[in-house]
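Peer 1: Got a structure for you, written out below as structure tokens; questions coming shortly.
The values are calculated or read from the model by the stated rules, or taken from the named source; none is laboratory data. Values in this document were obtained by computation on a predicted structure and should not be read as measured data. For neighbour counting, all protein chains shown are included, and Cβ atoms are generated from backbone atoms with ideal geometry for every residue, glycine included.
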Amino acid sequence: MVSEPLAKSYEPKEFEQRWYSFWESRDFFKADAASEKPVFSIVIPPPNVTGSLHMGHALQHTLHDILVRWKRMNGFNTLWLPGTDHASIAVHYVLDKQLEEQKKSRFDLGRDEFMRIAWEWKKTSGGTILNQMRRMGVSCDWSRERFTMDEGLSRAVTEVFVRLYEEGLIYRGEYIVNWCPRCKTAISDLEVVYKASQGHLWHIKYPVIGSDECLTVATTRPETMLGDTAVAVHPDDERYTHLVGKKVLLPVMNREIPIIADGFVDREFGTGVVKVTPAHDANDYEAGLRHGLEKITVIDDAGFMTEAAGDYRGMDRYKCRKLLAERLEREGFLEKLEDYEHNVGQCDRCSSVVEPKSSIQWYLKVATLAKPAIEAVESGRICFVPDNFKKRYFEWMYNIHDWCISRQLWWGHRIPAWYCDACGKIVVARETPEKCPTCDAALRAETDILDTWFSSALWPFSTLGWPDDTGDLRAFYPTDTLITGPDIIFFWVARMIMMGLKFAGEIPFGQVHINGIVRDAHGKKMSKTKGNIIEPLQLIDEYGADAVRFTLSSMAVPGTDIPFSPDRMKGYSAFANKVWNAARFVLMNLREEDDAAQAAEVEELAGAGRGTMPLEDIWILHRTNRTAAEISEALDKFRFHEASALIYQFIWHELCDWHIELVKPVLTNPEAAREERTPRIKVLLHVFDCALRMLHPFMPFITEEIWQKLPHRGESLMTQPFPQFREAFDNPAAAGKMQDLMELIGDIRSLRAEMNIDPKRRMDACLIVRKEDDRSLVEQNMSRLLTLARLNSVDFCEVVAGGWLSGVSKLGSFGIDVRGAIDIGAERARLEKEIEKLKTEIDKVLKKISSHEFVARAPKEIVEENRARYEEMTGKYNKLEINLKRLVSAQSQL
RNA sequence: GGGCGUCUAGCUCAGUUGGCAGAGCACUGCGAUCACACCGCAGGGGUCACAGGUUCAAGUCCUGUGGCGCCCACCA
């Protein structure tokens, strides 16, 4: 059969979308819970519904898809489950901004109206990122798409919450939380990012009552002094022991507050005296509990001063700081003001400065859950790639703190708790209770929702139907591999392990592959302010998804960041073009009689017909076979960059540069006899088919487009088996001979190029072979040698004729007849340079092998290897010397 | 303050048990008859951050120094 030829130029836009629809419509991405095949399952790290595709996603989706497609081709029942995360705080942030434009806040709308808008918004723009993923070619099972606020997943959230509460692992209490005054919610420790910032240290004098002494405290947040209810010193600090128990007069507020002694004070820092503000500092809060101090909240939920702040009520916290500091100075309470660099906590989402604030929140005692999660990694049931990320995991897990899980937001899972205002009972239940179980009074529902990461923690099993015992859960849990970024090891990975072990009874995944962060070409983090953001969709428009995928995968060294360079991008786009054109060559040279059956016959051919098969065919079959094994090995270890380099190197520099060039004379010759041509095209078709299969996980679109034009059986390349290593194709001896031949061709080409011989000029050559075997090797492959080295003839001889250019290759010395037109000076310089280079190499090896210690202590193979190398190099050296001598004598005869 | 990582060609980076220093891009020379100029052939380019040590042998292992990056904690 003869297919439609491929378009003259590679235009990925012409076919990428078409093949995606084809695969999707044929259900090729769909997993089968009832299948007998071995299972490979992955759940996607669900992107935020608010999101649009960025380079980080592009990287992760590429790596996921490579693994999934590869496993699918290896006969696995493969599930890649897609979906999105409701991302409560992120959605709030986006909607808040929209409301701000209308000069409104969510509180103006009310909860119900806000939720209506949020759902509406999710419906219209929540699918954006999923469609962008499709453009990348991801082979997700869309029939199993999930959203964290789906009915089923919400049920899982409630179930988990209720069980944890019943076990006493979830509790409600008043503590200091990180409060974001812009988002107007508590956030967890993880959501606070500390930034070094240049601030001040105010030293403020608090007069001791009944004494003319003053205690000086140092603070970075003077406005909180309005809420001070004590000052503290260390119990053993002799400077102050006489004052403990006395009182100071709090400046401005003119409130008498006690001087207490507490071990939490660091004597070395500042004056050794600390102001204590239990409502606005975690340490002070604890001290307050120990000493029975009052909590006075002076900053409200929005970051404004409260009634309790006296003259400063209603004022923004920073304005208050400024005015208060001025007043302290004016009134003589400010001892000094220092510049001071310290870390300021900011809200992860909106970068507002976080305010530590006392409030009642829901907490999860994570330490209990952490134990088995630590054990799972320690025992190796879960491994990290690269391995050292588990250190980071352990460090966090060993020092884990209770997790504040409640948020004062609306978009998310509402905490399933109800309060009885009559008797104080708290009811936590799966279904809405009608009335208070103890006093029959009406109940008031909790308004707080859960931290988004609470539902994300359940993702690997909630998406498969838990808490029901579903076929999907049985078939696909635990999942195999998690691929994600280093930034969410604590947020997500650690919590999934804890929840998976606790509720699904098993680890959620076996391996955690941590990928790097995609940066700009110079290793700088991409950011809007720097203006160095690269949009993956733009790249796809320009270069096609395949080239983008290949670029990312070729740079994906486990655990290291990726400096994304447009140059590399162009390079891999050129690779796609190369593949395209190689395919065009194959297709152009097909004949009617070439059909799908032929490719399949190659295996017999390789086994039985090896004797008659041309060397380059044996070689390329050997190399194809080895490459397949090496790619599999690399992918097995998540070495995507290595796998990419292998297929790239194979296709470009072995298949295209050598094999196709070697078979070209036969295939392009219309006169070629059928019996000569047919075996060659069989091998080429087979090898090309293998190459497409090996490349498919990396570049799914172009490989499918090409494969469909080649003679084939089956519906789609993506459902074909990945090439496996076959003993029958392995032939290192023959491959070695081919390498020698290639080296000879290379050496002749080098010599010609160096001596500026017109590439078009065909010349006569001679060869002094090392041994008889080599002679027959060259004889049998004479036509290839003549073509690729651009020669007329090669004679076997004893010496290179005078006036010929001479060189040395592994197979022996050779000469090229330049008809006396040799530039003796240039040739002499060349030889001398080569000899010089070789000599330093020889000296190095000689030194090694003549060392007694080396011979005595190094392994035999290494010693032998070096001796052999020495032999080879000295052989070559001697030949070059002879050539040089002859040249010199020829020169002197002139 | 504690911990982790990194330093290799002009640039960006590979280099997995120690055993001949690599890739891509960039650069130089040559090459326009049909697979591909998004190409081919050939070539130049290295004190593997620095200083010690272990070893027959170190880019690779150990110790220290320095630059850069990240994580955790956070004392006002």
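Residue-wise test of (1) within 28 Å of the chain's Cα centre (by Cα); (2) farther than 18 Å from A:Leu81 by Cα.
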site	(1), (2)
A:Cys436	no, yes
A:Pro460	yes, no
A:Thr470	no, no
A:Thr479	yes, no
A:Leu482	yes, no
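Peer 1: Restricting attention to the stretch A:556-578, and to residues there that are more than 6 Å from RNA strand B (Cβ to nearest atom) and touching a strand residue (DSSP E or B) at 6+ places or on another chain (Cβ under 6 Å), which single residue is nearest to A:Ser644 (Cα to Cα)? Walk me through it before giving the result.
Peer 2: Kept after step one, since they are more than 6 Å from RNA strand B (Cβ to nearest atom), are these residues of the stretch A:556-578: A:556, A:558-559, A:561-562, A:564, A:566, A:569-570, A:572, A:575-576.
Filter once more, keeping what is touching a strand residue (DSSP E or B) at 6+ places or on another chain (Cβ under 6 Å): A:558-559, A:561-562, A:564.
Values: A:Pro558: 13, A:Gly559: 17, A:Asp561: 17, A:Ile562: 15, A:Phe564: 16 Å.
Filtering the stretch A:556-578 for residues that are more than 6 Å from RNA strand B (Cβ to nearest atom) and touching a strand residue (DSSP E or B) at 6+ places or on another chain (Cβ under 6 Å), the one nearest to A:Ser644 (Cα to Cα) comes out as A:Pro558.
Peer 1: Checking the condition over 23 Å from A:Gly505 (Cα atoms), touching a strand residue (DSSP E or B) at 6+ places or on another chain (Cβ under 8 Å) and without any contact (Cβ under 8 Å) to a residue 40 or more places away in the chain, which residue from A:Pro437, A:Pro386, A:Pro416 passes?
Peer 2: Being over 23 Å from A:Gly505 (Cα atoms), touching a strand residue (DSSP E or B) at 6+ places or on another chain (Cβ under 8 Å) and without any contact (Cβ under 8 Å) to a residue 40 or more places away in the chain holds for just one of A:Pro437, A:Pro386, A:Pro416, which is A:Pro437.
Peer 1: Could you check A:Cys183 against (1) under 30 Å from A:Thr50 (Cα atoms); (2) part of a loop (DSSP other than H, G, I, E, B); (3) within 16 Å of RNA strand B (Cβ to nearest atom) and say which number it fails?
Peer 2: All conditions pass for A:Cys183, except number (3).
Peer 1: A further question on this structure: Would you pick out the residues in the stretch A:12-55 that are within 16 Å of RNA strand B (Cβ to nearest atom) and touching a residue at least 24 places away in the same chain (Cβ under 8 Å)?
Peer 2: A:Pro12, A:Lys13, A:Phe15, A:Glu16, A:Met55 - these are the residues of the stretch A:12-55 that are within 16 Å of RNA strand B (Cβ to nearest atom) and touching a residue at least 24 places away in the same chain (Cβ under 8 Å).
Peer 1: Would you mind stating whether A:Thr787 is in a helix (DSSP H, G or I) and under 18 Å from A:Leu744 (Cβ atoms)?
Peer 2: So A:Thr787 fits the description; yes.
Peer 1: Residue by residue through the stretch A:478-519, note down the ones that are small (Gly, Ala, Ser), touching a strand residue (DSSP E or B) at 6+ places or on another chain (Cβ under 9 Å) and buried (at least 21 other Cβ atoms within 10 Å of the Cβ).
Peer 2: Correct list: A:Gly500 only.
Peer 1: Show the residue pairs meeting these rules: Cβ distance below 8 Å; 6+ apart or different chains; first residue within the stretch A:274-289 and more than 14 Å from A:Glu174 (Cα to Cα) and within 9 Å of RNA strand B (Cβ to nearest atom); second residue at pLDDT below 95 and hydroxyl-bearing (Ser, Thr, Tyr).
Peer 2: A:Lys275/A:Thr219
Peer 1: Still on this structure, I have one more. Please find, among A:Val265, A:Val244, A:Val274, A:Val248, the residue that is modelled with pLDDT under 95 and within 20 Å of A:Ala325 (Cα to Cα).
Peer 2: Testing whether each residue is modelled with pLDDT under 95 and within 20 Å of A:Ala325 (Cα to Cα) leaves just A:Val274.
Peer 1: Looking at the stretch A:496-511, which of its residues are under 22 Å from A:Ile170 (Cβ atoms) and either outside any helix (DSSP H, G or I) or of a type in the set (A, V, I, L, M) (or both)?
Peer 2: Selection gives A:Met496, A:Ile497, A:Met498, A:Met499, A:Leu501, A:Ala504, A:Gly505, A:Pro508.
Peer 1: Report every pair of residues separated by at least 6 positions or lying on different chains whose Cβ atoms are under 7 Å apart, first residue within the stretch A:518-529 and assigned to a loop (DSSP other than H, G, I, E, B), second aromatic (Phe, Trp, Tyr) and within 11 Å of RNA strand B (Cβ to nearest atom).
Peer 2: Close Cβ pairs (under 7 Å, with a partner that is aromatic (Phe, Trp, Tyr) and within 11 Å of RNA strand B (Cβ to nearest atom)) amount to A:Asp520/A:Phe564; A:Ala521/A:Phe564.
Peer 1: Please specify each residue of the stretch A:230-273 satisfying the condition of being touching a residue at least 12 places away in the same chain (Cβ under 8 Å), loosely packed, with under 13 Cβ neighbours inside 10 Å, charged (D, E, K, R) and within 12 Å of RNA strand B (Cβ to nearest atom).
Peer 2: Within the stretch A:230-273, just A:Asp266 meets the criteria.
Peer 1: For residues that are charged (D, E, K, R) and without any contact (Cβ under 8 Å) to a residue 60 or more places away in the chain, tally how many sit in the stretch A:389-407.
Peer 2: Residues flagged as charged (D, E, K, R) and without any contact (Cβ under 8 Å) to a residue 60 or more places away in the chain within the stretch A:389-407 amount to 4.
Peer 1: Related question: Go through the stretch A:631-641 and report how many residues are out of contact with any Ser or Thr (no Cβ under 6 Å at 6 or more places or on another chain), part of a helix (DSSP H, G or I) and within 9 Å of RNA strand B (Cβ to nearest atom).
Peer 2: 2
Peer 1: To continue, here is another question. What pairs can you find where one residue is in the stretch A:820-842 and surrounded by 10 or more Cβ atoms within 10 Å (Cβ to Cβ), the other is among the β-branched types (Val, Ile, Thr), and their Cβ atoms are less than 8 Å apart, with a gap of 6+ or different chains?
Peer 2: A:Arg828/A:Val888; A:Ile842/A:Thr874
Peer 1: Next up: For the stretch A:300-349, which positions are more than 21 Å from A:His200 (Cα to Cα), in contact (Cβ under 8 Å) with a residue 24 or more places away in the chain and surrounded by fewer than 16 Cβ atoms within 10 Å (Cβ to Cβ)?
Peer 2: Once the filter is applied, which keeps residues that are more than 21 Å from A:His200 (Cα to Cα), in contact (Cβ under 8 Å) with a residue 24 or more places away in the chain and surrounded by fewer than 16 Cβ atoms within 10 Å (Cβ to Cβ), the stretch A:300-349 yields A:Ala302, A:Gly310, A:Asp311.
Peer 1: Answer yes if at least one residue in the stretch A:399-413 is more than 16 Å from RNA strand B (Cβ to nearest atom), farther than 22 Å from A:Arg163 by Cβ and of a type in the set (Ser, Thr, Tyr), and no otherwise. Walk me through how you get there before you give the answer.
Peer 2: Here is the first cut: in the stretch A:399-413, the residues more than 16 Å from RNA strand B (Cβ to nearest atom) are A:405-413.
Imposing the further condition that a residue be farther than 22 Å from A:Arg163 by Cβ reduces the set to A:408-411.
From the residues that got through so far, the ones that are of a type in the set (Ser, Thr, Tyr) too are none.
Looking for residues that are more than 16 Å from RNA strand B (Cβ to nearest atom), farther than 22 Å from A:Arg163 by Cβ and of a type in the set (Ser, Thr, Tyr), one finds none in the stretch A:399-413, hence no.
Peer 1: Follow-up question, since we're still on this one. On the basis of being closer than 27 Å to A:Glu378 by Cα and among the aromatic types (Phe, Trp, Tyr), does A:Trp459 make the cut? Reasoning before the result, please.
Peer 2: Numbers: closer than 27 Å to A:Glu378 by Cα: yes; among the aromatic types (Phe, Trp, Tyr): yes.
Taking the combined requirement at face value, the residue satisfies it.
Yes/no per residue for (1) acidic (Asp, Glu); (2) touching a residue at least 60 places away in the same chain (Cβ under 8 Å); (3) assigned to a strand (DSSP E or B); (4) more than 16 Å from RNA strand B (Cβ to nearest atom):
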site: A:Val94; (1), (2), (3), (4): no, no, no, yes
site: A:Gly152; (1), (2), (3), (4): no, yes, no, yes
site: A:Glu159; (1), (2), (3), (4): yes, yes, no, yes
site: A:Arg172; (1), (2), (3), (4): no, yes, yes, yes
site: A:Tyr175; (1), (2), (3), (4): no, yes, yes, no
site: A:Ser197; (1), (2), (3), (4): no, yes, yes, no
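Peer 1: For the stretch A:520-555, which residues satisfy the criterion of being within 12 Å of RNA strand B (Cβ to nearest atom), of a type in the set (S, T, N, Q) and surrounded by 14 or more Cβ atoms within 10 Å (Cβ to Cβ)?
Peer 2: Answer for the stretch A:520-555, where residues must be within 12 Å of RNA strand B (Cβ to nearest atom), of a type in the set (S, T, N, Q) and surrounded by 14 or more Cβ atoms within 10 Å (Cβ to Cβ): A:Thr551, A:Ser554.
Peer 1: When you scan the stretch A:729-739, do you find a residue that is touching a residue at least 60 places away in the same chain (Cβ under 8 Å), under 30 Å from A:Trp804 (Cβ atoms), surrounded by 13 or more Cβ atoms within 10 Å (Cβ to Cβ) and over 38 Å from the mean Cα position of the chain (by Cα), even just one?
Peer 2: Checked against the condition, which is being touching a residue at least 60 places away in the same chain (Cβ under 8 Å), under 30 Å from A:Trp804 (Cβ atoms), surrounded by 13 or more Cβ atoms within 10 Å (Cβ to Cβ) and over 38 Å from the mean Cα position of the chain (by Cα), the stretch A:729-739 yields at least one hit.
Peer 1: How many residues does the stretch A:90-139 contain that are small (Gly, Ala, Ser) and crowded, with 16+ Cβ neighbours inside 10 Å? Walk me through how you get there before you give the answer.
Peer 2: From the stretch A:90-139, those small (Gly, Ala, Ser) are A:90, A:105, A:110, A:118, A:125-127, A:137, A:139; that's our starting set.
Now restrict to residues that are crowded, with 16+ Cβ neighbours inside 10 Å: A:90, A:118, A:126, A:137, A:139.
Residues that pass the stated criteria total 5.
Peer 1: All but one of (1) at pLDDT 95 or above; (2) within 15 Å of RNA strand B (Cβ to nearest atom); (3) under 17 Å from A:Arg321 (Cα atoms) hold for A:Thr297; state the number of the condition that does not hold.
Peer 2: (2)
Peer 1: While we're on this one: Farther than 19 Å from A:Gly263 by Cα and loosely packed, with under 15 Cβ neighbours inside 10 Å: which single residue out of A:Ser188, A:Ser211 fits that description? Before you say what the answer is, go through the steps one by one.
Peer 2: Numbers: A:Ser188 fails: loosely packed, with under 15 Cβ neighbours inside 10 Å.
Only one candidate passes the filter, namely A:Ser211.
Peer 1: Can you tell me which residue in the stretch A:618-672 is nearest to A:Asp65 (Cα to Cα), limited to those that are touching a Lys or Arg at 6+ places or on another chain (Cβ under 7 Å) and not aliphatic (A, V, I, L, M)?
Peer 2: For the stretch A:618-672, the residue satisfying everything is A:Phe650.
Peer 1: Of all residues in the stretch A:726-777, how many are under 30 Å from A:Ala643 (Cα atoms), away from RNA strand B (no atom under 16 Å from the Cβ) and touching an Asp or Glu at 6+ places or on another chain (Cβ under 9 Å)?
Peer 2: Looking only at that region, the number is 4.
Peer 1: Can you spot a residue in the stretch A:735-753 that is in a loop (DSSP other than H, G, I, E, B) and of a type in the set (Lys, Arg)?
Peer 2: No, there is no match, as no residue in the stretch A:735-753 is in a loop (DSSP other than H, G, I, E, B) and of a type in the set (Lys, Arg).
Peer 1: Out of all the residues in the stretch A:444-465, which are farther than 25 Å from A:Ile42 by Cβ and part of a loop (DSSP other than H, G, I, E, B)?
Peer 2: A:Glu446, A:Thr447, A:Asp448
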